[in-house]
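Below you'll find the structure, written out as structure tokens, and then a few comments.
Read the figures in this text as sums done on the coordinates, not as results from a lab. All figures in this text were calculated on a predicted structure; none of them were measured in a lab. Cβ coordinates were reconstructed from backbone atoms using ideal geometry, including for glycine residues, and neighbour counts include every protein chain displayed.
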Amino acid sequence: QWEKARMLAAEGGRTGGLLALDEIQKIPAWSETVKRLWDSDTRKRLPLKVIVLGSAPLLMQQGLTESLAGRFEILHLPHWSFPEMRTCFGFSLDDYIYFGAYPGAAPLVKEPARWARYIKDALIETTISRDVLLLTRVDKPALLRRLFELGCRYSGQVLSYNKMMGQLQDAGNTTTLAHYLDLLAAAGMLTGLQRYSGVAVSRRGSSPKLQVLNTALMTAQIGMSSLSEFKDDRELWGHLVESAIGAYLANAAATG
């Protein structure tokens, strides 16, 4: 495919060519291969632009920083927005708040139980097992999973690390929890928003506001049988709406 793109780039003159490689993390030693081919094209002044895409953010970052230093620009693709889900799947605003923004799960929303199983098995478990635990050293994987569940339950709320430790068994120390939150944020699941402050030390030392990056991560685990049942609980629905707004802002901020 790279050779075909080279031919197109050469034929394209000054406009060059574009090569897009999806799920790049599935190719063994992908970053070293991309580096070798990219450097060869650079020496020949071949006007070829390359986009590499991947669904394992931690693995992507590792390959970029280890092999492609000085050769890349990161373009963050956040969770789908409400207009995107409305255009592609006909979601109403209530649908978007409740079912979140996973396009792969959208065809299952008419079967809420099946939809919830898909979110938990195919997305949550797969992301934690594949993108986090297999790619990064995690001394307490059970703690990371419980922290994720806690973050979903308290999304949109400020929770000090000491309170988190009180909620979690074998919680280790605050440094461990902060590190695990960073891993979950890198995987696009859950983040800890720090209080705004012009002083970096004060900002870093503040209690984080836990925030899911997709509300489907919350609703799939709560166990409500339908959207209407969820809306009947006004406090729970308000909590979900607040989290949906927070997820939108957090995703928008991540794109720069």
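The DSSP beta bridges internal to the chain are antiparallel in roughly 50% of cases. So what is the calculated 222 nm ellipticity per residue for the chain, using -39500 (n - 2.57) for each DSSP H run with n of 4 or more, over all residues, to the nearest 500 deg cm²/dmol? When only DSSP H runs of four or more count, the value is -14500 deg cm²/dmol. Of the residues Ala20, Thr126, Trp2, the one whose Cα sits farthest toward the positive end of the charge dipole of the chain, with +1 on the Cβ of Lys and Arg and -1 on the Cβ of Asp and Glu, is Trp2. Here the scattering of the chain is modelled by Debye summation over its C-alpha atoms, one equal scatterer each and no solvent; at q = 0.09, 0.11 Å⁻¹ the log10 of I(q)/I(0) is -0.49, -0.71. The dipole here belongs to the chain: it is taken about the Cα centre, uses +1 on the Cβ of Lys and Arg and -1 on the Cβ of Asp and Glu, and is about 700 debye.
Given the pairs Lys140/Lys231; Lys120/Lys140; Lys209/Lys231, which are separated by over 29 angstrom at their Cα positions? Please list the in-between numbers first.
Details: Lys140/Lys231 36 Å; Lys120/Lys140 20 Å; Lys209/Lys231 24 Å.
Result: Lys140/Lys231 exceed 29 Å.
Each Lys and Arg contributes +1 and each Asp and Glu -1, all at the Cβ; summed about the Cα centre of the stretch 35-107, the dipole is approximately 620 debye. Residue-wise HN-Hα couplings along the stretch 207-216, as the Karplus relation 6.51 cos²θ - 1.76 cosθ + 1.60 with θ = phi - 60° gives them from phi, are 6, x, 8, 6, 8, 5, 9, 7, 5, 4 Hz; Gly and Pro carry x.
Largest GNM mean-square fluctuation across Lys26, Lys231, Lys44, computed for the chain with C-alpha springs under 10 Å, falls on Lys44. The stretch 13-126: percent of C-alpha pairs farther apart than 20 Å? The calculated P(r) of the stretch 13-126 puts 57 percent of pairs beyond 20 Å.
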